[in-house]
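This report refers to the structure that appears directly beneath it.
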Amino acid sequence: MTQHHQHEVVIVGAGGAGLMAALYASRGADTAVLSKLYPTRSHTGTAQGGIGAALGNLEEDRADWHTFDTVKGSDYLGDQDAIEFMCQEAVPVVYELEHMGLPFSRTDEGRIAQRRFGGHTNNETKQPVLRAAYAADRTGHMILQTLYQQCIKNEVNFYDEFQVLDLIVDNGKAVGVVAAELATGELHVFHTKAVVFATGGHGRVWEVTSNAYAYTGDGVAIPMRKGIPMEDMEFFQFHPTGIAKLGILITEGVRGEGGVLLNNDGDRFMDVYAPTVKDLASRDVVSRAMFLEMREGRGINGQRYMHLDVRPETVNKYAELDKRINPDGSEYRVTAEDILGKLPDIVDFTRTYLGVDPVKQPMPVQPTAHYAMGGIPTTQYGEVVIDTKSTIMPGFYAAGEVACVSVHGANRLGTNSLLDLVVFGKQAGLRAAEYANGTEYGKLPDDAADFTRQQLDAILNNKGEEKAADIANEMKETMTDKVGVFRTEEGMAEAFEKMLELKERYQHVGVDDHGKVFNTDLLNTWELGCLIDSAIVTAKCALDRKESRGAHAREDFPKRNDDEWLKHTLAWLKDGKVEVDYKPVKITKYEPMERVY
Amino acid sequence: MEVNLRIFRYNPEAGRNKPSYDNYTLEADPTDRVLDLLELVKSYHDGTLSFRRSCAHGVCGSDAMRINGRNYLACKVLVQDVGNNITVEPILGMQIIKDMIVDMEPFFESYRSISPFLVNDEIPEDGKERLQTIEQRERFDDTTKCILCAACTTSCPSFWSNDEFVGPATIVNAHRFIFDSRDTAPEKRLDILNEESGAWKCRTAFNCTQACPREIHVTQAIAEVKNALTTGRLD
Ligand SMILES: Cc1cc2nc3c(=O)[nH]c(=O)nc-3n(C[C@H](O)[C@H](O)[C@H](O)COP(=O)(O)OP(=O)(O)OC[C@H]3O[C@@H](n4cnc5c(N)ncnc54)[C@H](O)[C@@H]3O)c2cc1C
Ligand code: SF4
Ligand code: FES
């Protein structure tokens, strides 16, 4: 039996973006949050290093430096009006988080502590700046906990372990969602005035990934099935320092605290690739440098990983060479206790998974799939826009990693995602409530849950000639090899064909579990369909963009080409075919320049 | 290496209405996570096997389980840590729904009962952050790490024998606010923990501290709360 509910605003996802949206929407409208995970299990909780804001607590910093760094980091593909808005809002929103109770680490003066992160600089001296506000190395955990606590305080309505499978659209307006209740397997139809998607990313498309099992691109596939395009899907970030083979993230904060990357000769190779900021260049630059070093045979023992060294003696050696000083002018030096105190979780991860003690041994690291710059196109108010003229789709909002505002353009700077979540989550929540107040409930089709039921029945009725795990493995392998850190025409064309083939084969995947209660077999298989759709669009957009920019690095077109390619990609997935179009980038103050670190 | 994996199964809907065990012999690396083995079984042997998981590196709190009789996160314990005969069972003291999946609602209800949010409506006039010294921040650092995995609560003999007991996880989260210099409502939480179902139910069995995958000194946090209850002091 399908159950029906009505809420003025429904928020899908309970990570940083969803919870921030919920806090603001619930002040103005009857709001419910649906999440396939318990809110505190959301991926925001894994974020480590910090949230960027030019608080200037330890040294001079300015919001417009943050803006420029983000524009530059985006390789000029970010929309400058939105970036400026985010970096200005950063300062009050970080204070707001503190007011909510977030236990930031503190400076000697009792202010919020800040650390260095890749690509964040003092624009005058060009040197790294202390901008990332942090709570040890669990900033995301504290953001997630704090926002969830505020939701409890404000008695926000939660539907925990409800997985949304469809967006209901009537006459071009979002009017509801269909969700499966995990505990019962029943379908629920939520009739709404406004829907906010805050479902996170799709990093499980790749093999070595920092992303959670839940990062399956549901929020990419569901809207695409309703004819809504995705923006800039070719831009996916590979973080330089994942634990070798496992992909578990080692925060850039390690390098912020003075850690360095070393090759098999013991050389700090980032000197060569980014002479000014070295190990703190932006992520695309560092990942490519590692890749090139490995290709030249300088991976550790010739293998596909490098060393990340944060032993005090190493940190101090390079701090001396770099003449790094503390804000008070004294020389920068660290002890093992400093490292343990500032990066306790990293120490725990490497001890648990590698048996390596990072204050005594270097850590083996390799680039790991990390963050989706692309996603559902929105305005800076979270409104979803659906064509090259940026026409707003009434009632549909998106925020967080699933959205593409675009503030990250072709490459996101570290600490800017947590910032994006709270800034644009808030906007989306505010706007959704405001819109809901000014409109009536739209018409719900009688067969609202039919499309969902068909999808699930198709899987349940398959005889199972194909295995989901095989298809998932082939997808991950192909995407890692062909649509990874470095790309070629041939490889991407192959990957695209392969994804189409996998989509076809996916139609024959069956499941063992035919029950209703916690049928994770069925839902994981449904999620695989979302991953494949995400991968198809990624491969095609990458194939079509004939230049290198940010995270999209082509061996056959190694240069950025602003004359032809300074534009956002929009892609529609229709009947298994991808249609691609483009829309302009918003340039306000900063004319594109060559990007050097 | 070869691993003998014994997995608890329970799924009334499919006729498995008595707890039983399935056995698998699997090829594994010593550094594989127990979660990797469960994934392998689910992918290639029996898709009906059900468990919760997400982050796969010990920070989301989804996959607390009993592994060889002790609570762990399946993603944070390696084969080499537990040997090649591995038994996986759901955490104790909660209603089992299916295989490793238990009803978490009462756990979260208990968490919510102690007002787990900062109470302080005063904001500095300049709109900036409230000040807190490094020492004040350090005072409650340990208990901020909690990921609500329930490993502690479901390893607690007092909780097993009396499910009215709020349980260690709830006390840990109360501690996080009681000892935060910015909070203005410690008494309210202390009053709740002074009730019959509160902190006094703790018999210092230490299981919780052992079970906590975040290495929180759970028993010590509870002792500090008890101390505050007796002395009325928060230092
Ligand atoms: C290991 C790691 C470290 C990071 N460190 C940093 C950092 O230091 N600084 C920084 O700025 N960024 C960092 N990031 C990036 C940042 O953490 C993420 O981009 C961000 O947290 C995403 O937040 P979100 O709110 O968009 O999604 P999430 O927090 O992932 O939440 C997604 C929510 O959507 C729900 N959901 C998904 N699909 C469905 C569905 N179909 N139905 C119902 N609910 C659904 C999930 O249950 C979840 O609640 C890091 C990322 C990782 C992986
Ligand atoms: S205190 Fe430790 S064991 Fe208990 S819920 Fe929190 S993280 Fe889990
Ligand atoms: S899966 Fe997140 S804690 Fe184990």
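Numerical summary
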{"read-out": "Boolean, B:V77 is touching a Phe, Trp or Tyr at 6+ places or on another chain (Cβ under 8 Å) and within 14 Å of ligand 3 (Cβ to nearest atom)", "value": "no"}
{"read-out": "Residue in the stretch B:49-64 that is within 16 Å of ligand 2 (Cβ to nearest atom) and more than 10 Å from chain A (Cβ to nearest Cβ) present", "value": "yes"}
{"read-out": "Check on B:I134, hydrophobic (A, V, I, L, M, F, W, C) and surrounded by fewer than 17 Cβ atoms within 10 Å (Cβ to Cβ)", "value": "yes"}
{"read-out": "Which listed residue is within 10 Å of chain B (Cβ to nearest Cβ) and hydroxyl-bearing (S, T, Y), from A:T70, A:T107", "value": "A:T107"}
{"read-out": "Residue list for the stretch B:180-218, filter: away from chain A (no Cβ under 14 Å), under 17 Å from the mean Cα position of the chain (by Cα) and touching a residue at least 40 places away in the same chain (Cβ under 8 Å)", "value": "B:C202, B:A205, B:N207, B:C208, B:T209, B:Q210, B:A211, B:V218"}
{"read-out": "Failed criterion for A:G101 (all others in (1) at the interface with chain B (Cβ under 9 Å from one of its Cβ atoms); (2) without any contact (Cβ under 8 Å) to a residue 40 or more places away in the chain; (3) of a type outside the set (A, V, I, L, M) hold)", "value": "(2)"}
{"read-out": "Subset of the stretch B:13-36 that is within 14 Å of chain A (Cβ to nearest Cβ) and closer than 17 Å to B:P90 by Cβ - its residue that is surrounded by the fewest Cβ atoms within 10 Å (Cβ to Cβ)", "value": "B:N17"}
{"read-out": "Of the criteria (1) closer than 28 Å to A:R554 by Cα; (2) within 16 Å of ligand 3 (Cβ to nearest atom), which one A:A372 fails", "value": "(2)"}
{"read-out": "Test: residue in the stretch B:100-108 that is within 9 Å of chain A (Cβ to nearest Cβ), at negative phi, surrounded by fewer than 18 Cβ atoms within 10 Å (Cβ to Cβ) and in a loop (DSSP other than H, G, I, E, B)", "value": "yes"}
{"read-out": "Residue count, the stretch A:474-496 (criterion: out of contact with any helix residue (DSSP H, G or I) (no Cβ under 9 Å at 6 or more places or on another chain) and free of Cβ contacts under 8 Å to residues at least 60 places away in the same chain)", "value": "0"}
{"read-out": "Members of the stretch B:112-165 that are outside any loop (DSSP other than H, G, I, E, B), out of contact with any strand residue (DSSP E or B) (no Cβ under 8 Å at 6 or more places or on another chain) and either of a type in the set (G, A, S) or at the interface with chain A (Cβ under 7 Å from one of its Cβ atoms) (or both)", "value": "B:R112, B:S113, B:T144, B:S158, B:S161"}
{"read-out": "Looking only at the stretch A:38-67, and only at residues there that are among the hydrophobic types (A, V, I, L, M, F, W, C) and under 17 Å from the mean Cα position of the chain (by Cα), the one that is nearest to the other protein chains (Cβ to nearest Cβ)", "value": "A:A47"}
{"read-out": "Residue check, A:A32 in a loop (DSSP other than H, G, I, E, B) and either in contact (Cβ under 8 Å) with a residue 60 or more places away in the chain or not β-branched (V, I, T) (or both)", "value": "no"}
{"read-out": "Residue that is farthest from ligand 3 (Cβ to nearest atom), among those in the stretch B:129-179 that are touching a residue at least 60 places away in the same chain (Cβ under 8 Å) and among the small types (G, A, S)", "value": "B:A174"}
{"read-out": "Which listed residue, of A:D533, A:D521, is assigned to a helix (DSSP H, G or I), surrounded by 22 or more Cβ atoms within 10 Å (Cβ to Cβ) and within 14 Å of chain B (Cβ to nearest Cβ)", "value": "A:D521"}
{"read-out": "Only one of A:T199, A:T216, A:T251, A:T241 that is within 25 Å of the chain's Cα centre (by Cα) and in a strand (DSSP E or B)", "value": "A:T241"}
{"read-out": "Leading residue by the ranking (surrounded by the fewest Cβ atoms within 10 Å (Cβ to Cβ)) among those in the stretch A:306-336 that are closer than 15 Å to A:P358 by Cβ and touching a Gly at 6+ places or on another chain (Cβ under 7 Å)", "value": "A:V334"}
{"read-out": "Test set (1) in contact with a Leu (Cβ under 6 Å, 6 or more places away or on another chain); (2) at pLDDT below 95; (3) charged (D, E, K, R) - B:D183 fails condition number", "value": "(2)"}
{"read-out": "Failed criterion for B:V59 (all others in (1) within 20 Å of B:A14 (Cα to Cα); (2) among the β-branched types (V, I, T); (3) within 16 Å of ligand 1 (Cβ to nearest atom) hold)", "value": "(1)"}
{"read-out": "Of all residues in the stretch B:37-56 being within 16 Å of ligand 1 (Cβ to nearest atom) and of a type in the set (G, A, S), the one that is surrounded by the most Cβ atoms within 10 Å (Cβ to Cβ)", "value": "B:A56"}
{"read-out": "Which numbered condition B:N85 misses (of (1) surrounded by fewer than 19 Cβ atoms within 10 Å (Cβ to Cβ); (2) at the interface with chain A (Cβ under 8 Å from one of its Cβ atoms); (3) not charged (D, E, K, R))", "value": "(2)"}
{"read-out": "Any hit, the stretch A:6-24, residues being under 20 Å from the mean Cα position of the chain (by Cα) and of a type in the set (D, E, K, R)", "value": "no"}
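Yes or no, residue by residue, for (1) within 16 Å of ligand 3 (Cβ to nearest atom); (2) closer than 30 Å to A:K574 by Cα:
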| site | (1), (2) |
| --- | --- |
| A:K193 | no, yes |
| A:G203 | yes, yes |
| A:N211 | yes, yes |
| A:V254 | no, no |
| A:R268 | no, no |
| A:D271 | no, no |
| A:A281 | no, no |
| A:V286 | no, no |
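The values are calculated or read from the model by the stated rules, or taken from the named source; none is laboratory data. Since this is a predicted model, take the numbers as computed values, not measurements. Using ideal geometry, Cβ is built from the backbone for each residue, glycine included, and neighbour counts are taken over all protein chains shown.
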